[in-house]
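S.K.: There's a structure below that I have some questions on.
The values are calculated or read from the model by the stated rules, or taken from the named source; none is laboratory data. Please read these numbers as outputs of a predicted model, since none were measured by experiment. So basically every Cβ, Gly included, is an ideal-geometry build from the backbone, and we count neighbours across all protein chains shown. For accessibility, only protein heavy atoms count, side chains too; no ligands or nucleic acids. Shrake-Rupley method; radii C 1.70, N 1.55, O 1.52, S 1.80 Å.
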Amino acid sequence: MKKLQMVDLNSQYQDIKEQIDNSIQQVIDQTSFINGPQVQTFKQNLADYLNVKHVIPCGNGTDALQISLMALNLQPGDEVITVDFTFAATVEVIKLLGLTPVLIDVELDTFNISITALEKAITPKTKAIVPVHLFGQCANMEAILKLAKKHNLYVIEDTAQALGADYIFTDGTTKKAGTIGTIGTTSFFPSKNLGCYGDGGAIFTNDDALAHTLKGITNHGMYQKYYYEVVGVNSRLDSIQANILNIKLPHLDNYNKARQQAAAFYNHAFANCPHIITPITSTFSNHVFHQYTLRITNGKRDELHEYLKEQNIPNAIYYPVPLHNQKAYKQENVIEENYHNTNTLVQQVISLPMHTALDTEQLEFIVKNVLNFINNTY
Ligand SMILES: *Cc1c(COP(=O)(O)O)cnc(C)c1O
């Protein structure tokens with residue numbers, strides 16, 4: 001059996017090695033390392049794929065979030081609502097900018113932002129909502145947009161884990177994740193659904209004025225050479241990464257399909273199994289399975305984690321501690337009951353190997369071992 005890995009980047013590379021190697025060599029030959037024509041091409045390629053007006057590449061997915069918040073001209077004390085169950089980047093940038101993060105609960109079944117919690121958390125100080133399309137499926141954007149419109153709030157979609165996912169509106173039309181709110185952000189970290197070979201990120205918007213502002217902020221707030229209109233940052237997608245992404249982007253849909261096939265295999269194997277809840281796919285989104293995350297309901301998640309490790313099956317706990325209980329983000333007077341679902345999920349979730357090169361032999365081996373543990377037959 002091929003060695004099991006949480007993410008197998010090498011198999012993916014081997015399939016397109018010659019093109020990737022050439023794409024890197026091309027940038028070196030042209031010495032177009034920063035803002036080369038490859039970056040311009042990628043911007044257009046990704047805008048076409050997402051059907052969005054503007055793509056602004058940047059250094060990574062965390063910068064993408066930070067730059068988005070900077071562009072909205074929020075003031076210290078303004079409240080930004082995001083989820084308690086996500087990677088730190090989402091809340092980190094809110095704090096860094098002196099804004100007030102308001103962490104709220106997620107839904108137990110989708111791991112995504114709870115609309116009831118969102119409605120309750122909105123105050124006169126709320127300026128923006130940052131829904132995260134966690135593990136590869138979209139948050140309930142229609143409900144979010146409705147609340148945002150009612151209260152005049154910006155919506156920044158953190159699409160780091162869901163690039164290529166489709167949101168399905170009630171009228172049947174679809175839009176790509178990240179192109180629905182005011183701004184969308186993503187990451188090209190190597191293990192993401194569309195990963196480059198280093199750090200990379202991008203911001204999307206259909207708003208011309210915002211696109212102009214965002215672009216300037218990524219480049220020191222400079223709109224005309226050596227004239228600085230706003231305080232900016234230096235955050236760029238380099239040409240080598242952009243050209244690697246030019247090769248990989250046409251494969252994204254197939255990569256996501258491979259993930260969906262692996263997920264279908266897992267779902268089938270664990271269907272009706274006691275103590276295991278398989279991930280659900282919402283009616284309003286497809287799922288591109290950045291992670292395949294089970295809920296273990298018999299209190300033995302940690303034992304399963306250890307057992308699988310002993311069998312050399314990589315697995316991970318995304319995420320082990322809710323953000324509201326992290327030292328850096330602790331808040332005063334927290335009512336734990338408001339975080340019932342995240343507090344539950346951190347004890348139940350376990351993510352199994354998920355990538356584009358899992359074969360049947362590997363999947364069968366993983367499934368067999370999980371079932372052995374659950375049925376106590378190991
Ligand atoms: C990976 C990730 C980010 C940050 O992306 P980087 O490119 O690593 O900075 C932000 N949000 C979520 C939900 C992520 O998974």
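S.K.: Which of the strands (runs of 3 or more DSSP E) contained wholly in segment 54-111 include at least 1 residues that are farther than 25 Å from TYR292 by Cα, modelled with pLDDT of 95 or more and within 10 Å of the ligand (Cβ to nearest atom)?
M.R.: 54-58
S.K.: Show me the strands (runs of 3 or more DSSP E) entirely contained within segment 181-261 in which 1 or more residues are among the aromatic types (Phe, Trp, Tyr).
M.R.: 201-205, 222-224
Here's the yes/no breakdown for (1) in contact with a Phe, Trp or Tyr (Cβ under 6 Å, 6 or more places away or on another chain); (2) open to solvent by less than 70 Å² (accessible area, probe 1.4 Å):
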position	(1), (2)
ALA269	no, yes
HIS290	yes, yes
LEU294	no, yes
ASN312	no, no
GLU332	no, no
ILE335	no, no
TYR339	no, yes
HIS355	no, yes
LEU358	no, yes
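S.K.: Here's a follow-up. I want to confirm something. Restricting to segment 194-229 and keeping residues that are aliphatic (A, V, I, L, M) and without any contact (Cβ under 8 Å) to a residue 40 or more places away in the chain, which single residue is surrounded by the fewest Cβ atoms within 10 Å (Cβ to Cβ)?
M.R.: Per the stated criteria, the residue is ALA209.
Results for (1) closer than 22 Å to ASN286 by Cα; (2) among the β-branched types (Val, Ile, Thr); (3) in contact (Cβ under 8 Å) with a residue 24 or more places away in the chain; (4) touching a strand residue (DSSP E or B) at 6+ places or on another chain (Cβ under 9 Å), shown as yes or no for each residue.
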site	(1), (2), (3), (4)
SER114	yes, no, yes, yes
ALA117	no, no, yes, yes
THR126	no, yes, yes, yes
VAL130	yes, yes, yes, yes
HIS133	yes, no, yes, yes
ALA139	yes, no, yes, yes
ALA148	no, no, yes, yes
VAL155	yes, yes, yes, yes
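S.K.: Any chance you could count how many residues in segment 346-378 are assigned to a helix (DSSP H, G or I) and either among the hydroxyl-bearing types (Ser, Thr, Tyr) or in contact with a Ser or Thr (Cβ under 7 Å, 6 or more places away or on another chain) (or both)?
M.R.: Start the filter on segment 346-378 by keeping residues that are assigned to a helix (DSSP H, G or I), which leaves 346-348, 360-374.
Of the ones still in play, those that are also either among the hydroxyl-bearing types (Ser, Thr, Tyr) or in contact with a Ser or Thr (Cβ under 7 Å, 6 or more places away or on another chain) (or both) are 348, 360.
Of the residues in that region, 2 qualify.
S.K.: Condition test on LEU245, is it within 22 Å of the chain's Cα centre (by Cα) and buried (at least 22 other Cβ atoms within 10 Å of the Cβ)? Write out each step before concluding.
M.R.: Numbers: within 22 Å of the chain's Cα centre (by Cα): yes; buried (at least 22 other Cβ atoms within 10 Å of the Cβ): yes.
Criteria met by LEU245.
S.K.: Search segment 133-163 for residues being surrounded by fewer than 24 Cβ atoms within 10 Å (Cβ to Cβ) and at positive phi, and hand back the single one that is farthest from the ligand (Cβ to nearest atom).
M.R.: ASN152
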